[in-house]
1. Across the range 61-98, which residue is nearest to Q161 (Cα to Cα) among those that are open to solvent by 70 Å² or more (accessible area, probe 1.4 Å) and polar (S, T, N, Q)?
2. Residues being under 12 Å from the mean Cα position of the chain (by Cα) and either open to solvent by 30 Å² or more (accessible area, probe 1.4 Å) or not hydroxyl-bearing (S, T, Y) (or both): count how many of those fall in the range 168-192.
3. Restricting to the range 119-153, what's the tally of residues that are touching a residue at least 40 places away in the same chain (Cβ under 8 Å), of a type in the set (S, T, Y) and closer than 17 Å to I56 by Cα?
4. Got at least one residue in the range 53-72 being in a loop (DSSP other than H, G, I, E, B), touching a residue at least 24 places away in the same chain (Cβ under 8 Å) and over 17 Å from T184 (Cβ atoms)?
5. Would you please name the residue that is surrounded by the fewest Cβ atoms within 10 Å (Cβ to Cβ), looking only at residues in the range 99-113 that are of a type in the set (V, I, T) and closer than 15 Å to Q161 by Cβ?
6. Return only the number of the condition from (1) under 23 Å from S38 (Cα atoms); (2) open to solvent by less than 70 Å² (accessible area, probe 1.4 Å) that F139 does not satisfy.
Amino acid sequence: MRDRILTLLFLLISTSVFAQNIDIRILRSVYSPHDLKSDQFMKFVSSSNNGMVLGIPITVGIVGLIKHDEKWINSACQIVVANAINLGATYTLKYTINRDRPFLTYPDIRNKVNEKSPSFPSGHTSSAFATATSLSLAFPKWYVIVPSYVWAGTVGYSRMQLGVHYPGDVLGGMITGAGSAYLTYKLNKWINKSYARKHE
């Protein structure tokens, strides 16, 4: 029994070290310690996240009120709820896993923006993907889906170029955000079906 536990611990540690090695290798291929011309754009994209996360549901909600369209109003509420669930999930994971930022672990990585919370998952990426996924599920048209995910993907990439997240953090943020949005979407459909049955 003790041998099995030791073997399991060895495998977990080996996997963790291997994953960490891949993470830092990919990050170093994306990140440059020098100031790049594209850094300013990446800072802009990264900082646009909060405005977009708030602005998109507000805009959708206002359009819904003007048009007297319940679908738009419901979609705005879904985006807000998805981001609330995502926020809770992201910060629970952040402080449970408590992973150090790459610039704290590796001297050759310089943070180009200030961040204090733990690294995994990327909060900017998770909220961007929660918003993009909610919007794409609410309005499944290519001209909504493509720009939404291009923006969300660029937010995730910017976090690596700015030296504040590993690729694994960004991937974790993508899964957490998209998962929160999909869960909210399915929950909303279930609630609507249950309500319709009760009032038939």
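1. Among those that are open to solvent by 70 Å² or more (accessible area, probe 1.4 Å) and polar (S, T, N, Q), it is N98.
2. Number of matching residues: 12.
3. Total meeting the criteria: 6.
4. Scanning the range 53-72, I find no residue that is in a loop (DSSP other than H, G, I, E, B), touching a residue at least 24 places away in the same chain (Cβ under 8 Å) and over 17 Å from T184 (Cβ atoms), so the answer is no.
5. Here the answer is V113.
6. If we test F139 against (1) under 23 Å from S38 (Cα atoms); (2) open to solvent by less than 70 Å² (accessible area, probe 1.4 Å), just (1) comes out false.
The values are calculated or read from the model by the stated rules, or taken from the named source; none is laboratory data. Note that this is a predicted model, so its numbers are computed, not measured. Neighbour counts are summed over all protein chains in view; Cβ atoms, including those assigned to glycine, are modelled from backbone coordinates with ideal geometry. The area values use the complete protein model at the heavy-atom level, side chains included, leaving out ligands, DNA and RNA. Shrake-Rupley method; radii C 1.70, N 1.55, O 1.52, S 1.80 Å.
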